[in-house]
Amino acid sequence: MTLADLIRRPHVFFEGLRALPARPARYLGLVVLSGVLGGLATALLLHQALQTLVPAGLLYAAMIASSVVQALISWLLLWGLGQLGTGRAGRPAEVYGATFLVPLVWSLVLIVLALVTPAPALGDAPDLSTLSPLEAVQAMATRIAQAQLSSPLLRLNGQVGYAVYVVQFWLAYIGFRALQPEPGTSAMRGVMYPLGTLLVLGVASLLLLSVSGSLVGGAAGA
């Protein structure tokens, strides 16, 4: 049983995992590596847009650190909510940990594409030293928005990101059915509990960003 089997033969992979003793942190390294590569890919995509605003070293460090933290929080959330649905018998820490191979592979593809694809041309960036803190934040947000509109890779990443989540939950469902002696509806609950929670959090974050943008815009116009 290898991680490659998770993509090629997921049923075989999880049957092999069932024969191993339970160890929640078995794929913790995979989760962290997925975060590192995801942050590196994002930094490469935004480097051209932000290089005159943020030192390159700081940009890469911030993106990688935030991506690793996000990956760890996501894994813990999936673990906890998955266990509510399947119980310990479903071994959600290992099941969901293994599924982080999917975003890791996509990040590798994105890194290669970012390295071989010319960055889109953007206008001159403002001098942050002449701006107030609020204006500087607005300038960086505008710069990122411009990059997202002009970069096919950034748009592709946003679209493929949803497919990555779908594949992760599909693999988790296969894993729960393979690991539990009586799969029944508990395998579905192990997927639906975290999926429903993430959907609610996603909608809430979008609403919060919309409200925050309106408040910032109003404060800047005042």
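Computed from the C-beta positions of L84 and L28, the FRET efficiency with R₀ = 25 Å rounds to 0.75. Largest to smallest in accessible area, the residues Y27, Y96, Y173 fall in the order Y173, Y27, Y96 (1.4 Å probe, all protein chains included). Each label point was placed 7 Å from the Cα along the Cα-to-Cβ direction; for A62 and L77 their separation is 2.2 nm. In the context of the full protein assembly, W79 retains an accessible surface of approximately 70 Å², using a probe radius of 1.4 Å and ignoring ligands and nucleic acids. Note on segment 1-97: the alpha carbon radius of gyration divided by the globular reference 2.2 N^0.38 Å gives 1.35.
Figure note: T99, T2 ranked by solvent-accessible area, largest first, 1.4 Å probe, ligands and nucleic acids not counted: T2, T99.
The values are calculated or read from the model by the stated rules, or taken from the named source; none is laboratory data. Since the structure is predicted, the reported quantities are computational estimates derived from the model, not experimental observations. Every residue, glycine among them, receives a Cβ derived from its backbone with ideal geometry; neighbour counts consider all protein chains shown. Accessible surface is based on the protein model in full, side chains and every heavy atom, while ligands, DNA and RNA are left aside. Shrake-Rupley method; radii C 1.70, N 1.55, O 1.52, S 1.80 Å.
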